[in-house]
Amino acid sequence: MSALTKPWLLLPPQWAHDLSPLALPLYALLHGRKTPHWKSFTWRDLHFANPLGIAGGVDKNADNLRSWWNLGCGFVEVGTVTPLPQNPNPGKILDRDVSLKAMWNKMGFPSHGADEAFYNLAYYAPDYRTPVFVNIGKNRYTPNNQAVQDYLTLVDKFRPFADVFVVNISSPNTKGLRDLQNKENLRDLLAPIVDRVSHFEPTPVLVKLSPDMSEEVLAETVLHCQEIGVDGFVLTNTTLYRPEGCKFPAEGGLSGAPLKELSRRALKVAVESLGKKREGLLLVSVGGVLTPEDVFERLQMGADLVQIYTALVFHGPGFFHEVARRYNDGR
């Protein structure tokens, strides 16, 4: 792939990341079209014109929803949102490797905070064109034994505007966060969230899990979450795995091509372990989805929805319409 055809690849990764929210509206204005309809379906009264959307972390504060809709998303996920504003982790937080088709980040839930994301969603709310998922996480310095209060605060705040909540307990970039995935912690965290949303017009709750669990532990975790009453899963977050020749530090999460097989494995394990219990649940596959063929494969494997992040870096925001074109051409 030539960086000359993707000018943002000529920029340092952090510059490209910081400038993309400014360039995106212009790109969407010049290249935006109606939301493409392909493999449309309805789940829990939410209609998805197509099953491809942006992953959490792409639009952290819900700044550019209209642009994503114009670019062809079938749904959008905003966040991770934290109750209070917080800066990224100190030091270098972002890098890319074009030869590996990989992205590395050590961001740690940088967020303008719940108030700003709430304001942005309220602005867009009268004109939602797709379902909107809100990815929620705890603040960095909230201890795990108090984390549920952060999540409940966000559920209460965003209930008017969230079509789906995604409970993020799997980022490798917030110290101790993944401990919330342990069986002894899951019920204490998730049961109050499920109970809280059930008191109102129910909002589905998905759990975003790590790709770094063993197959046995992942299967147990999925079944335990299902028993608690969650409505589905986002599979998966970034990985601590490093392929041979990888230049990135051991800390921080890796996405892109090196995550592909781990993400595929997680989807396969979830489908097989749930079996008939899968009925009514939503499975979202994300990680290593870099081509239209990757999107179609995840759907064939049993995913209801597919998300991208790194594909936007290496292929650009025209990816959504390209996938739609390829799907419709192949029918």
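Taking the condition free of Cβ contacts under 8 Å to residues at least 60 places away in the same chain and under 19 Å from the mean Cα position of the chain (by Cα), does A270 pass? Taking the combined requirement at face value, the residue satisfies it. For beta carbons closer than 6 Å, sequence separation of 6+ or different chains, a first residue in segment 223-243 that is within 18 Å of R187 (Cβ to Cβ) and a second that is assigned to a loop (DSSP other than H, G, I, E, B) and not β-branched (V, I, T), the qualifying pairs are D231/P204; G232/L281.
Which is modelled with pLDDT under 90, of a type in the set (S, T, N, Q) and under 20 Å from the mean Cα position of the chain (by Cα), of S20, S67? The match here is S20.
Would you check if there is a residue in segment 29-41 being modelled with pLDDT of 95 or more, closer than 24 Å to F296 by Cα and of a type in the set (K, R)? Looking through segment 29-41, at least one residue is modelled with pLDDT of 95 or more, closer than 24 Å to F296 by Cα and of a type in the set (K, R).
Applying the condition of being in a loop (DSSP other than H, G, I, E, B) and of a type in the set (D, E, K, R) to segment 53-94 and asking which residue is surrounded by the fewest Cβ atoms within 10 Å (Cβ to Cβ) yields K92. Screening segment 97-212 for helices (runs of 4 or more DSSP H) wholly inside it with 2 or more residues that are modelled with pLDDT under 95 and of a type outside the set (V, I, T) returns the ranges 114-124, 183-198. A Cβ distance below 8 Å, combined with a sequence gap of six or more or placement on separate chains, defines the contacts here; from segment 5-28, residues that are of a type in the set (K, R) reach residues that are at pLDDT 75 or above and part of a helix (DSSP H, G or I) in the pairs K6/F314; K6/H315.
Residues are listed down the side, and each one gets a yes or a no for (1) charged (D, E, K, R); (2) under 19 Å from A117 (Cβ atoms):
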| site | (1), (2) |
| --- | --- |
| R129 | yes, yes |
| V134 | no, yes |
| A147 | no, yes |
| Y151 | no, yes |
| A162 | no, yes |
| V167 | no, yes |
| S170 | no, no |
| V197 | no, yes |
| E201 | yes, no |
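Only one of the listed residues (L100, L26) is under 25 Å from R178 (Cβ atoms), over 18 Å from the mean Cα position of the chain (by Cα) and among the aliphatic types (A, V, I, L, M). That residue is L100. Inspect segment 123-134 for any residue being over 19 Å from L46 (Cα atoms) and buried (at least 18 other Cβ atoms within 10 Å of the Cβ) and give the result as yes or no. For segment 123-134, residues over 19 Å from L46 (Cα atoms) and buried (at least 18 other Cβ atoms within 10 Å of the Cβ): absent.
When restricted to residues that are surrounded by fewer than 24 Cβ atoms within 10 Å (Cβ to Cβ) and within 26 Å of G253 (Cβ to Cβ), segment 288-302 contains 10. So, of the residues in segment 213-233 that are touching a strand residue (DSSP E or B) at 6+ places or on another chain (Cβ under 7 Å) and either at pLDDT below 95 or among the β-branched types (V, I, T) (or both), which turns out to be surrounded by the most Cβ atoms within 10 Å (Cβ to Cβ)? Step by step, filter segment 213-233, then rank; the result is V222. Being modelled with pLDDT under 95, on the phi < 0 side of the Ramachandran plot and acidic (D, E): is that true of E297 here? It is false that E297 is modelled with pLDDT under 95, on the phi < 0 side of the Ramachandran plot and acidic (D, E). Across segment 305-315, a minimum of one residue is classified as surrounded by 23 or more Cβ atoms within 10 Å (Cβ to Cβ) and touching a helix residue (DSSP H, G or I) at 6+ places or on another chain (Cβ under 6 Å). Taking segment 107-121, which residues are within 19 Å of I93 (Cα to Cα) and either within 16 Å of the chain's Cα centre (by Cα) or among the aromatic types (F, W, Y) (or both)? M107, G108, F109, P110, S111 - these are the residues of segment 107-121 that are within 19 Å of I93 (Cα to Cα) and either within 16 Å of the chain's Cα centre (by Cα) or among the aromatic types (F, W, Y) (or both).
Here V306 meets the list (1) within 21 Å of V76 (Cα to Cα); (2) part of a helix (DSSP H, G or I); (3) under 17 Å from the mean Cα position of the chain (by Cα); (4) not acidic (D, E) almost entirely, failing just condition (2).
Note on segment 151-166: residues that are buried (at least 24 other Cβ atoms within 10 Å of the Cβ) and either free of Cβ contacts under 8 Å to residues at least 60 places away in the same chain or among the charged types (D, E, K, R) (or both) total 3.
The set of residues in segment 250-263 being closer than 20 Å to G137 by Cβ and surrounded by fewer than 17 Cβ atoms within 10 Å (Cβ to Cβ) consists of E251 alone. From the list K183, K175, K247, K276, the one residue that fits, being within 20 Å of the chain's Cα centre (by Cα) and either buried (at least 17 other Cβ atoms within 10 Å of the Cβ) or on the phi < 0 side of the Ramachandran plot (or both), is K175.
The values are calculated or read from the model by the stated rules, or taken from the named source; none is laboratory data. Given the structure is predicted, the values throughout are model-derived calculations rather than measurements. Don't worry about glycine lacking a Cβ; one is built from the backbone with ideal geometry, like all the others, and counts go over all protein chains shown.
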